[in-house]
Amino acid sequence: MKLISAIVPCYNEEENVPYFYEEFMKNKAFFDTHDLTYELIYVDDGSSDGTVGAVKKLIAQDKKVKLISFSRNFGKESAMYAGMQHAKGDYVAIMDADLQDPPSLLPEMYEWLQQGYECAATRRVDRKGEPPIRSFFARKFYALMKRFSSADIVDGARDYRLMSRKFVNAVLSLKEVNRFSKGIFGWVGYKTKWVEFENVERRHGETKWSFWKLFVYAVEGIVDFTTVPLTIAAFLGVVLCLFAFVMLLFVWIRAMLYGDPVAGWPSMVCIMLLVAGVQMFFLGIIGEYLAKAYQELKARPIYLVQELVDEEESGTDPENS
Ligand code: UDP
Ligand code: MG
């Protein structure tokens with residue numbers, strides 16, 4: 001009997017929790033015929049609505065449902081990490097609570113793992129129902145990452161994937177605090193099968209990703225998975241120095257030949273502003289890397305648990321978890 005663990009990060013998903021369970025359980029027949037059992041780990045990422053209560057209601061009917069509840073909102077990356085740490089399955093799936101990751105794909109993904117893939121990952125082939133500027137910037141981001149990062153980061157890839165134990169252990173062995181999973185999944189390598197599906201709009205509620213949050217996320221991806229911006233900074237520095245050197249020669253020779261009338265100070269101001277701007281920009285970029293290094297050095301925990309409910313394991317133990 002093999003175990004499939006499904007991890008469901010939830011941030012204010014009260015209405016979606018029972019729907020998700022219902023959809024997920026449609027795979028029950030498949031599990032039974034393939035000698036599989038399941039555990040369903042809801043990770044409550046510091047929700048302020050009734051998510052915890054909704055999960056506990058499910059636990060009352062099905063002990064295979066588990067809950068990890070955080071002390072505050074740590075973000076989806078932390079929720080996925082916590083889920084993977086607690087998952088005991090031979091196979092581990094990560095799925096959104098809003099049913100944008102159709103549980104009906106699981107059997108197909110499971111088949112791919114039987115064929116020797118270590119991971120079956122999903123990507124959506126369209127971005128239906130998404131604002132056009134958001135799609136535009138998302139595309140640009142993936143194009144940029146494809147060029148400059150060694151990790152294979154795929155456009156349209158969702159976090160929805162079914163992984164083998166080997167793959168999960170590899171992901172868990174990356175202990176970094178700044179977790180950019182899309183990059184981490186690509187970085188660990190292994191044979192990954194891409195399963196494509198059409199975008200499904202979320203069942204209840206609103207997406208938690210504002211444009212600004214996505215922008216910060218993209219910057220994080222860049223800083224975490226490539227140092228190319230630093231190389232560009234150094235390269236531009238060299239180019240500007242060469243340019244300045246040629247200009248210096250030019251000005252010097254001209255002064256020798258024609259004397260030195262004071263002129264061209266507006267252009268001088270422009271040049272100074274330009275160079276100062278470029279310097280500030282790259283100082284900012286270097287600062288980003290430095291800040292990341294500082295965060296990694298502090299090595300704060302990736303999440304803190306408020307409550308862990310696993311009735312199969314040890315019964316409810318809200319105090320010492
Ligand atoms: N989520 C989370 N913590 C957060 C934000 C989101 O655990 O801080 C969960 C959320 O409950 C959902 C999944 O991550 O299950 C994806 O979030 P969302 O649907 O808002 O993102 P989108 O599908 O729009 O990319
Ligand atoms: Mg969603």
Q) Out of all the residues in the stretch 253-271, which are in a helix (DSSP H, G or I) and either loosely packed, with under 11 Cβ neighbours inside 10 Å or modelled with pLDDT under 80 (or both)? A) Ile253, Met256, Leu257, Tyr258, Trp265, Pro266, Ser267, Met268, Val269, Cys270
Q: Mind listing whichever residues of the stretch 208-218 are within 16 Å of ligand 2 (Cβ to nearest atom), of a type in the set (Phe, Trp, Tyr) and farther than 15 Å from Val177 by Cα?
A: Trp209, Phe211
Q: Mind telling me which of the residues Ser48, Ser71 ends up being within 14 Å of ligand 1 (Cβ to nearest atom), surrounded by fewer than 16 Cβ atoms within 10 Å (Cβ to Cβ) and farther than 26 Å from Val171 by Cα?
A: Ser48
Q) Where residues in the stretch 135-160 are among the acidic types (Asp, Glu) and under 14 Å from Lys193 (Cα atoms), which of them is surrounded by the most Cβ atoms within 10 Å (Cβ to Cβ)? A) Asp159
Q. Among the residues of the stretch 205-223, is there at least one that is part of a helix (DSSP H, G or I), farther than 30 Å from Arg161 by Cβ and in contact with a helix residue (DSSP H, G or I) (Cβ under 9 Å, 6 or more places away or on another chain)?
A. no
Q. Within the stretch 208-228, can you find the residues that are under 11 Å from the mean Cα position of the chain (by Cα) and among the small types (Gly, Ala, Ser)?
A. Ala218, Gly221
Q.
Being closer than 20 Å to Ala120 by Cα, in a strand (DSSP E or B) and not small (Gly, Ala, Ser) narrows it down to one residue among Leu67, Leu40; which is it?
A. Leu40
Q. Taking the stretch 171-203 as the region of interest, how many residues are surrounded by 14 or more Cβ atoms within 10 Å (Cβ to Cβ), within 16 Å of ligand 2 (Cβ to nearest atom) and farther than 27 Å from Glu296 by Cβ?
A. 5
Q) Quick check: is even one residue across the stretch 87-102 of a type in the set (Ser, Thr, Tyr), within 16 Å of ligand 1 (Cβ to nearest atom) and either more than 14 Å from Trp194 (Cα to Cα) or touching a Ser or Thr at 6+ places or on another chain (Cβ under 9 Å) (or both)? A) no
Q: Kindly indicate whether any position in the stretch 34-43 is in contact (Cβ under 8 Å) with a residue 12 or more places away in the chain, of a type in the set (S, T, N, Q) and under 19 Å from Asn169 (Cα atoms).
A: no
(Q) What's the total number of residues in the stretch 182-228 that are within 11 Å of ligand 1 (Cβ to nearest atom) and of a type outside the set (Val, Ile, Thr)? (A) 13
(Q) Checking the condition within 30 Å of Lys182 (Cα to Cα), in contact with a Gly (Cβ under 9 Å, 6 or more places away or on another chain) and not β-branched (Val, Ile, Thr), which residue from Gly221, Gly205 passes? (A) Gly221
(Q) Looking only at the stretch 176-204, filter to residues that are charged (D, E, K, R) and touching a helix residue (DSSP H, G or I) at 6+ places or on another chain (Cβ under 9 Å); which one of those is farthest from Arg139 (Cα to Cα)? (A) Glu176
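Here's the yes/no breakdown for (1) at pLDDT 90 or above; (2) surrounded by fewer than 21 Cβ atoms within 10 Å (Cβ to Cβ); (3) within 16 Å of ligand 2 (Cβ to nearest atom):
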site: Thr37; (1), (2), (3): yes, yes, no
site: Ile41; (1), (2), (3): yes, no, no
site: Lys56; (1), (2), (3): yes, yes, no
site: Met95; (1), (2), (3): yes, no, yes
site: Glu111; (1), (2), (3): yes, yes, no
site: Arg124; (1), (2), (3): no, yes, yes
site: Arg127; (1), (2), (3): no, yes, yes
site: Ile133; (1), (2), (3): no, yes, no
Q) Which one of these does Phe20 not meet: (1) surrounded by fewer than 23 Cβ atoms within 10 Å (Cβ to Cβ); (2) touching a residue at least 60 places away in the same chain (Cβ under 8 Å); (3) in contact with a strand residue (DSSP E or B) (Cβ under 8 Å, 6 or more places away or on another chain)? A) (1)
(Q) Checking the condition touching an Asp or Glu at 6+ places or on another chain (Cβ under 8 Å), touching a residue at least 12 places away in the same chain (Cβ under 8 Å) and not β-branched (Val, Ile, Thr), which residue from Tyr110, Tyr91, Tyr160, Tyr117 passes? (A) Tyr160
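The values are calculated or read from the model by the stated rules, or taken from the named source; none is laboratory data. Quick caveat: nothing in here was measured; it's all calculated off a predicted structure. Don't worry about glycine lacking a Cβ; one is built from the backbone with ideal geometry, like all the others, and counts go over all protein chains shown.
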